[in-house]
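The values are calculated or read from the model by the stated rules, or taken from the named source; none is laboratory data. What you see is a predicted model; the values in this text were computed from it and never measured. Cβ placement follows ideal geometry from the backbone for every residue including glycine, while neighbour counts extend to all protein chains displayed.
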Amino acid sequence: MIKRLALTLLAFALLPGCASVGTLNAAKPGAPIIYSGTRLDWYSLNGGCCPMDRFGAEAPAYPALDLPASALLDTLLLPFAVAAELGVGLGVTGGY
């Protein structure tokens, strides 16, 4: 029970550093939407110089550690990302 609670708290503590959350919250015009967090992590791992200019968000401190979680979250959010890319309004609001 305590182990599960500790893992849940750790997950919530790391969530603001998640590349997917950062890029989707950035709302930078022209920034990639589909698999944005995974692409940001990959960009950082390959020595990308200016993630803020390209993605509208800073890369996480440990992109290799964040990559699997971002890939999972981006996959779960894929229908919404495709709809946003196609310009379909879903009437979803929120964010920080």
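Values for this structure:
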read-out	value
Of all residues in the stretch 4-57 being among the β-branched types (V, I, T) and assigned to a helix (DSSP H, G or I), the one that is modelled with the highest pLDDT	T38
Residue list for the stretch 43-63, filter: out of contact with any Leu (no Cβ under 6 Å at 6 or more places or on another chain) and over 18 Å from A31 (Cα atoms)	L45, N46, G47, A61, Y62
